[in-house]
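Q: Please read through the structure below; I'll follow up with questions.
Any read-out appearing in this document is the output of simple, stated calculations on the displayed coordinates, not a laboratory observation. Please read all numbers here as calculations on a predicted model, not as lab measurements. Please note: Cβ atoms are built from the backbone with ideal geometry, for glycine as well, and neighbour counts cover all protein chains shown.
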Amino acid sequence: MPEPAATLAAEAGIVVLRVAFERWVEAGVAGDLGAIMRETLADLRAVTVVPAR
């Protein structure tokens with residue numbers, strides 16, 4: 001993976017982890033962090049994907 005793309009992927013992964021962890025802690029229950037991370041990644045995809053014309 002070229003350097004700019006690798007950096008972007010790494011930063012996006014860090015953001016997904018940080019936001020998911022915050023959601024998991026705020027929930028205050030023993031939840032599935034992996035599931036919350038998948039939901040957070042889906043949220044990121046939803047706000048970054050350009051709709052087809």
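Q: Would you please give the FRET efficiency between ALA5 and GLU39, computed as 1/(1 + (r/R0)^6) with r the Cβ-Cβ distance and R0 = 22 Å, to the nearest 0.05?
A: Values: r = 24 Å, r/R0 = 1.10.
After rounding, the FRET efficiency stands at 0.35.
Q: Here's a follow-up. Among [x] 112; [y] 43; [z] 91, only one was calculated for this model; which label is it, if the read-out is volume of the Cα convex hull per residue in Å³?
A: Label of the calculated value: [z].
Q: Could you order the peptides 19-25, 40-46 from most to least packed, using the average number of other C-beta atoms within 10 Å per residue?
A: 19-25, 40-46
Q: If you don't mind, there's one more thing I want to ask. Counting helices only, and only those DSSP H runs with n ≥ 4, report the 222 nm mean residue ellipticity of the chain as the sum of -39,500 (n - 2.57) divided by its residues, in deg cm²/dmol to the nearest 500.
A: On the way: 2 runs with 41 residues, N = 53.
One gets -26500 deg cm²/dmol as the mean residue ellipticity at 222 nm.
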